[in-house]
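Below is one structure, written out as C-alpha cells; comments come after it.
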Amino acid sequence: MEMSLADCWGPAPASPIGFEGYEKRLEITFSDAPVFADPCGRGLRALSRHQIDSFLDLARCTIVSQLSNKQFDSYVLSESSLFVYSHKVVIKTCGTTKLLLSIPRILELAAELSLPLLSAKYSRGAFIFPGAQPAPHRSFSEEVSVLNGFFGGLKSGGNAYVMGDAFRPKKMWHVYYATEEPEQPMVTLEMCMTGLDAGKAAVFFKNSADGGCSSAKEMTKVSGISAIIPEMEICDFDFDPCGYSMNGVCGPAASTIHVTPEEGFSYASYEAMNFNPGSLVYSDLIKRVLSCFRPSDFSLAVTIFGGQGFAKSWAADAEKKVAEKGVAA
C-alpha cells in the first residue's frame, strides 16, 4: 500500500494548555495555463469545493464561511483563512495544523488545470508553544527541508531567512522564498499582537458578563474592526465560547484578522495584501489595528517580493511615518 506524506509524519501531539495563535502562511503562485486548457482564464477558481476540501483536510482545517468577488474567493477556516485567486492560493493556519502537508495535493490539482508553478512563499512568527507543533513544523529547518523538496528546484533555489533580534527569540520572523522568474512587486503587511487589553479581548467572548458580544457582526463593529478599512466587505465568524476570525475583500485586495482572546496567551493577527501601496497610509492603518486590541507587545512584518529598491524606500518612509505618529515598533 502506498503511504502518503501525511501518513509519514504521523498524528499531531496532544494540544498544549493554551491555543497557538501564531499562524503559518503559505502562498503558491502559478503561471497562465495554455489558452486551450483554460479558455475562460478561471485557473484555480475552477476548483470544486470537494477539491479544496481535499487539501484543507491534509492541513487539518475546514471551511466555516466564505465570500467571493470578481477577483478571488475568500474562505474563513476553522483555523484562520484561505484565499484562492486564479493563479495564486494563500493559506494561513494556526493551532497545531499541518499546513505544509497540503502542498502535494495543491500542486496535483494545479497540474490537472495545466498551471505551471511560478513561486512559493512560506512565513511565520515564533510559536508561543513550539514544543506542541507536529511534524513537519517542529523546527524551521524541518519546514525548509520539506519546502525545498517541492520548490528547491525553481531557478532561484530555496531561500530561507530568520530575521529579528537574537536577544528577543519570541520576535523572530521566518521566511522561505523560491521562484522561477521575477515577480511583480506586491506589499504584504502582517501584524502579530500578544497581551491584548482585557477589555478589548472581552469583546471576543460570546455572552460574557464583562463586555462580550453575541455575534461575529457585533464583534466586528464593537471592536472597531469594521473601521480599519471601511470600504472592505467583511465575512466574519465567531467561535464558541470565544475567538473570532474575519476576511475582508476589496477588488484584488484582502485583509484578515484572527483573535484568540484567552488571558495568558491572548493573541491577534492582522494581514493586508494586494493593496496598491499608494492607496493606504500604512502608519494610520497600523494605528487603527492597534486601537482595536491595545496589545502589550506586537511585531510588524512588511514583505515585498520582486521589488528590492521599492521595498527599501517604502519601508523607510513607513518607519518614519510610524515614528512620527507615535506608534511603538
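The values are calculated or read from the model by the stated rules, or taken from the named source; none is laboratory data. For clarity, every value in this text was computed on a predicted model and none was experimentally measured. All Cβ positions, glycine included, derive from the backbone under ideal geometry; neighbour counts span all protein chains shown. SASA here: full protein model, heavy atoms, side chains in, ligands and nucleic acids out. Shrake-Rupley method; radii C 1.70, N 1.55, O 1.52, S 1.80 Å.
Of all residues in the stretch 292-319 being open to solvent by 60 Å² or more (accessible area, probe 1.4 Å) and not hydrophobic (A, V, I, L, M, F, W, C), which is modelled with the highest pLDDT?
ARG294
In the stretch 1-86, which strands (runs of 3 or more DSSP E) lie fully inside it and hold 1 or more residues that are at pLDDT 95 or above and in contact with a His (Cβ under 7 Å, 6 or more places away or on another chain)? So that I can check it myself, show each step before the final result.
On the way: elements: 24-30, 63-68, 72-77, 80-85.
So the answer is 24-30.
Do we find that LYS206 is open to solvent by 30 Å² or more (accessible area, probe 1.4 Å), without any contact (Cβ under 8 Å) to a residue 24 or more places away in the chain and in contact with an Asp or Glu (Cβ under 8 Å, 6 or more places away or on another chain) in this structure?
Spelling it out, it is not the case that LYS206 is open to solvent by 30 Å² or more (accessible area, probe 1.4 Å), without any contact (Cβ under 8 Å) to a residue 24 or more places away in the chain and in contact with an Asp or Glu (Cβ under 8 Å, 6 or more places away or on another chain).
Where the second residue is part of a helix (DSSP H, G or I) and open to solvent by 30 Å² or more (accessible area, probe 1.4 Å) and the first is more than 20 Å from GLU263 (Cβ to Cβ) and assigned by the TED database to the domain that holds ALA201 and lies in the stretch 290-303, which pairs have Cβ atoms under 8 Å and are six or more apart or on separate chains?
Listed pairs, sorted by first residue: SER299/LYS171; VAL302/TRP314; VAL302/ALA315.
If you go through the stretch 83-106, how many residues are out of contact with any helix residue (DSSP H, G or I) (no Cβ under 7 Å at 6 or more places or on another chain) and aliphatic (A, V, I, L, M)?
Total satisfying the criteria: 1.
Might you let me know whether the stretch 213-222 holds any residue that is within 19 Å of THR303 (Cα to Cα) and exposed (fewer than 15 other Cβ atoms within 10 Å of the Cβ)?
no
Check every one of the strands (runs of 3 or more DSSP E) wholly within the stretch 158-219 and list those with 3 or more residues that are over 21 Å from the mean Cα position of the chain (by Cα).
none
Quick grid of which residues meet (1) open to solvent by less than 20 Å² (accessible area, probe 1.4 Å); (2) under 28 Å from SER31 (Cα atoms); (3) among the small types (Gly, Ala, Ser):
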residue	(1), (2), (3)
GLY153	no, yes, yes
GLY158	no, yes, yes
LYS170	no, no, no
GLU183	no, yes, no
GLU190	yes, yes, no
ALA198	no, no, yes
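Just one of SER78, SER102, SER86 is open to solvent by less than 10 Å² (accessible area, probe 1.4 Å), under 29 Å from ARG42 (Cβ atoms) and polar (S, T, N, Q); which is it?
Working: SER78 fails: open to solvent by less than 10 Å² (accessible area, probe 1.4 Å); SER86 fails: open to solvent by less than 10 Å² (accessible area, probe 1.4 Å).
Result: SER102 is the single residue among SER78, SER102, SER86 that is open to solvent by less than 10 Å² (accessible area, probe 1.4 Å), under 29 Å from ARG42 (Cβ atoms) and polar (S, T, N, Q).
What are the pairs, 6+ residues apart or on separate chains, where a residue within the stretch 133-154 that is β-branched (Val, Ile, Thr) has its Cβ under 8 Å from a residue that is in a helix (DSSP H, G or I) and open to solvent by less than 30 Å² (accessible area, probe 1.4 Å)?
Once the first residue is β-branched (Val, Ile, Thr) and sits in the stretch 133-154, its partners that are in a helix (DSSP H, G or I) and open to solvent by less than 30 Å² (accessible area, probe 1.4 Å) give VAL146/LEU100; VAL146/ILE103.
Could you tell me whether PRO277 is surrounded by fewer than 16 Cβ atoms within 10 Å (Cβ to Cβ) and at pLDDT below 95?
Considered against the rule, which asks whether it is surrounded by fewer than 16 Cβ atoms within 10 Å (Cβ to Cβ) and at pLDDT below 95, PRO277 comes out as no.
Quick one: in the stretch 108-143, of everything that is in a helix (DSSP H, G or I) and within 19 Å of the chain's Cα centre (by Cα), which residue is farthest from CYS40 (Cα to Cα)?
Restricting to residues being in a helix (DSSP H, G or I) and within 19 Å of the chain's Cα centre (by Cα), the top hit is PRO130.
Within the stretch 211-231, can you find the residues that are acidic (Asp, Glu) and free of Cβ contacts under 8 Å to residues at least 12 places away in the same chain?
Within the stretch 211-231, GLU218 is the sole residue that qualifies.
Of all residues being more than 13 Å from the chain's Cα centre (by Cα) and either outside the structural domain of GLY43 (by the TED database) or among the β-branched types (Val, Ile, Thr) (or both) in the stretch 58-96, which is farthest from ARG25 (Cα to Cα)? Just the residue, please.
Taking the candidates together, the pick is VAL64.
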